[in-house]
Every structure is written in structure tokens, then in C-alpha cells.
């Protein structure tokens, strides 16, 4: 049987509510809503009344409509709406967080929605913090949070977790999957291969994680009495870093300043650009210069040559802990430290430091071997 106009509007608005469409900007006035969906004002009012009766909407004291909160008096009224609040720039990192959260939706009876913001004063930030049942926030790379935002996060009754950066010092729960200290494990691997001059390449904006990785490289060199040069040519935030890495390495090659036997890259894009530059100028990655990355970003094994990197931990167990807390209702309690991070991050050995590694072991077995035994040894290139 064909649905009447009222039922069609109810179905359409229900879909929007469950997808989180009205959690950022809120619902328009009833007459605006009627005009938008192409029905009369009376038809729209009937549809809205059904949504009020079903508990999907609520009417505020000022008469405006709002989406009903997920939990009322301890009882779930509909799927919880979880926001992934991220800078308005597509990235592999954001995609990986989104995929992991989406795969947890059915387990936690929630719906994840990506919300983009361009700057800290973007209205999307405050609207998201105040409207969603839980928020995962990936901070901007280039700017420290203003005090007003920290105050909003601390006093806001909505549960918030920061991703990728450590904001526990602000009193905000945080998840970081790549603690910078594990950069030293990559350097241990390079030293085990006989390398004594290990340069460091960075082209990412100088956010805290990047600076901490560079600091770990400096500390390790000093502790081991080895040499290395920092090539730090950070690009503007949210611009392409691979070409910057390529140009930086090409310039050093032409200036005859590229004299290291090993190169630690702060990120996978930096390694990709460096490897391409080396190949274009007759330098063999893995043989002439060993290359590794402090963050593989899930693409390291698909580089040519495949890239030695720190293993990307599965984010789902860490996100699941956060979702359990977020959806725990008013009596929610966070156990343990505010910063959640892996107790260990293995090094995955690939061709960019051990050229024959993938000839002996396919990527799947190589990952298992690295996790089980730590490293695959090879003499200096």
C-alpha cells in the first residue's frame, strides 16, 4: 500500500534523526520544515506529532523542537548519536578512526557521524559538543585550544574523548595509539643493522606528536653517541606533505648533503616522498639508505619497497572502552588514567630496511614474526 504524505514525512525525518542530521544545526521551525520537504504545514505538524509521540523528538519550553536525548531516566529511547568531530581535511587517519567507530555501531546500538570544523570558533564545534550523546574530537594540528574550549569540554555534561593527541593535562580523556617513545624501537632496529648516522625527516605541521617524535630521536642519538641531522620542513596545515618530502630530499641530494645511511621519517607520507626522490636519483632504498616511518598509517606494506614502520594498533578495543563510558548514563565512571594508549607498539620489518624481508615472508607472516620475536636482523646495507 502506498504511504500517505504524513507517513512519508515521518519516515524521512526518522531517517534524518537516526543519521544525526539534526544534531549539528538543530531542527528548523515547523513551517520551514514543511516547505523543505514539500508538504503543507498541517501535514508537517501531524508528522511531527507522531515523532513526538514516538519519543524521537521533544518540544522545548520555548516551543522549538529538538531531538530527544538517547537516555531518559536511565532508559534508552533510540540509537545513541556519536560524533567524530574532525578538521575539515580528508586524511587516512580520520578515515581509519571513522571505519573503526562504524564497525562498533551495532555492538553499542549507536550511530557515528563525521562532523567537520574549520577553526576552533566554528559553530559546528560548540553545537556538536552540546547536542551529541558522545563526541570523539580530533584537534587541529596547528593551534592550541583556546581556554574557552577547554572550559566547555570540562563543564560539558556530554562525554568527550580526544583522539591522537594527549589532552589529559587539560582534564580531558584521550586516546593515543602511537606513543612517541616507541620511535626509539625503530632506532634500535636501525642500529642493529649497523647504521651510525641516522637522519630524521619531517614535513608535517609541528603539532605536539610530531615534536615529541623528533625529541625522542634526539634523545636516542645522544644516549647512543650517534650522529644524525634533522631535516624539518613542515608544510602548512592540511596541505600535501609527500611532495614537500620529495623536494626536501632532492634538494639535499643535489647539494651533496644527503650522506646518511638511515633515515627516520616522522610519518608515512614523508617516507613515501623520500623513497621516490631516492629512486629518481639512483639511490636504492633498503640497500644504500635504510628508510623507516614512525607511523605507518595502514599503508606501509603497500609502498614500493614496503616500508618498515611501527605497527598500527587496532583502534577498536580502545574506542570500545570509550563508548562503554560514553553510553553509561549519568552514573558513568572512567576507570584508570585519562590517557589511554598501547602498552607496546611492535616494529614491523619490511624491505625499506631489510630488502629480502618480503622475499622470505609475505606481509601477513612478517607482521606475526615481528610481533612474536621483535625484529629481523640484517647486516649494514
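Laboratory data are not the source of any read-out in this text; all were calculated from the coordinates shown. It should be emphasised that the depicted structure is a prediction, and the values quoted were computed from it without experimental measurement. Heads up, the Cβs are rebuilt from the backbone with ideal geometry, glycines too, and the neighbour counts pull from every protein chain shown.
Quick one: give the max-minus-min coordinate of the C-alpha atoms of the chain along each principal axis, largest first, in Å.
Projected onto the principal axes, the Cα atoms of the chain cover 78, 43, 41 Å.
So between residue 35 and residue 223, what do we pick up on full extension, going 0.36 nm a residue minus the alpha carbon distance?
Result for the pair: 60.8 nm of gain on full extension.
For the chain, what is the mean residue ellipticity at 222 nm derived from helices alone (per DSSP H run of n ≥ 4: -39500 (n - 2.57); sum divided by total residues; nearest 500 deg cm²/dmol)?
Roughly -11500 deg cm²/dmol at 222 nm, from the helical runs in the chain.
Calculated FRET efficiency, residue 8 and residue 343, Cβ-Cβ r, R0 45 Å, to nearest 0.05?
After rounding to 0.05, the efficiency reads 0.30.
Any idea what the relative contact order of the chain is, in percent, if you count C-alpha pairs under 8 Å spaced at least 6 apart? Write out the running numbers ahead of the final one.
Working: 659 pairs, mean separation 51.0, N = 381.
So the answer I get is 13 percent.
I'd like the orientation of helix 92-103 relative to the chain: the angle between its Cα long axis and the longest Cα principal axis, in ° from 0 to 90, rounded to 10.
On a 0 to 90 degree scale, this one is about 50.
Give me the Kirkwood hydrodynamic radius of the range 288-364 in Å, from all C-alpha pairs, to one decimal place? If you can, show how the numbers build up before the last one.
Working: mean 1/r = 0.0674 Å⁻¹.
Hydrodynamic radius (Kirkwood, Cα pairs) of the range 288-364 is 14.8 Å.
What does the extension gain come out to for residue 42 and residue 320, with contour length at 0.36 nm per residue minus their alpha carbon separation?
95.7 nm
Taking only Cα atoms, what is the 0 to 90° angle, nearest 10, from helix 316-326's long axis to the longest principal axis of the chain?
It is inclined by approximately 30 degrees.
Take residue 279 and residue 114, extend 7 Å from each Cα along the Cα→Cβ direction, and tell me the distance between the two endpoints in nm.
Label at residue 279, label at residue 114, 2.7 nm between them.
Between the alpha-carbon centers of the range 92-107 and the range 218-232, tell me the distance in whole angstrom.
36 Å
Please report the Cα spread of the range 181-224 along all three principal axes, rounded to whole Å, starting with the longest.
Computed over the Cα atoms, the extents are 31, 17, 15 Å.
Round to a whole angstrom and tell me the spacing of the C-alpha centers of the range 262-288 and the range 1-67.
Centre-to-centre distance over Cα atoms comes out at 55 Å.
Assuming R0 = 41 Å, can you tell me the calculated FRET efficiency for the pair residue 255 and residue 89, based on Cβ-Cβ distance, to the nearest 0.05? Don't skip to the end; give the middle numbers.
On the way: r = 32 Å, r/R0 = 0.78.
Plugging the Cβ-Cβ distance into 1/(1 + (r/R0)^6) gives 0.80.
Tilt of helix 41-53 relative to the longest C-alpha principal axis of the chain, in degrees (0 to 90, nearest 10)?
Rounded to the nearest ten degrees, it is 70.
So if we plug the beta-carbon distance of residue 53 and residue 332 into 1/(1 + (r/R0)^6) with R0 = 22 Å, what FRET efficiency do we get, rounded to 0.05?
0.15
Rg (Å, one decimal) plus Dmax (Å, integer) for the alpha carbons of the range 5-68?
For the range 5-68, the Cα-based Rg and Dmax read 10.5, 28 Å.
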